1. Is it the case that GLN71 is surrounded by fewer than 21 Cβ atoms within 10 Å (Cβ to Cβ), in contact with an Asp or Glu (Cβ under 6 Å, 6 or more places away or on another chain) and at pLDDT 85 or above?
2. Take ALA151 and decide whether it is small (Gly, Ala, Ser), touching a Phe, Trp or Tyr at 6+ places or on another chain (Cβ under 8 Å), at pLDDT below 75 and outside any helix (DSSP H, G or I).
3. Which one of the conditions (1) in contact with a Pro (Cβ under 9 Å, 6 or more places away or on another chain); (2) farther than 14 Å from HIS84 by Cα; (3) buried (at least 16 other Cβ atoms within 10 Å of the Cβ) does ASP24 fail to meet, given that it meets all the rest?
4. Kindly establish whether GLU33 is modelled with pLDDT of 90 or more, of a type outside the set (A, V, I, L, M), part of a helix (DSSP H, G or I) and within 17 Å of the chain's Cα centre (by Cα).
Amino acid sequence: MNDKELRRYCTGKVKELEIPERSDVNALCDLLEQRRGRPITLLEVPMPTGAGKPCGLWVATDDEDYICYQQYTTQAHQEHIIRHELGHMVCEHVAAPVMPDEVAQLLMPTLAPVLVRSVLGRTQYSNAEERAAELVASLMPMETAGIGNRAPVGLAPGVENLITHLGRSLERGGRT
């Protein structure tokens, strides 16, 4: 897909959402929750920084989506990271499963392997998918009103384990 086709595709995807003119990331998440029929939880995570390290992840379970975003950056950057991950959802990007069930069970015994469908970090997408998610993020309204707390009182069983595992994997230089 050339740049002109990509722009037309992404513009169409954003227009389909019918996003109100003044929408912050919370309103965008609310809109996508309604469209997708599943909750989206935003999690501020202290992710390792540096070249090749993702500053955002989309963790999809059977029942819920989690967007993990870098704790150690500005609010404007955090909101862009969230929009970028939402862009992957809007474009319906998919990644390979996180790991084989046996490995998931060994690393995260309290988390049913089937719970996590995929972890979608910036390092797993093709260049075209990254460009699309980035373009969708830039086409979404940029109202800044703070991210707020969208996290539930308690995370789904095992999700904290998953986040911890992902953080350790990233620190070791592993790919998510």
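1. yes
2. So ALA151 does not fit the description; no.
3. So the condition that ASP24 fails would be (2).
4. The answer is yes for GLU33.
The values are calculated or read from the model by the stated rules, or taken from the named source; none is laboratory data. The structure displayed is predicted, hence computed values, not measured ones. Note that each Cβ is placed from the backbone with ideal geometry, even for glycine, and that neighbours are counted across all protein chains shown.
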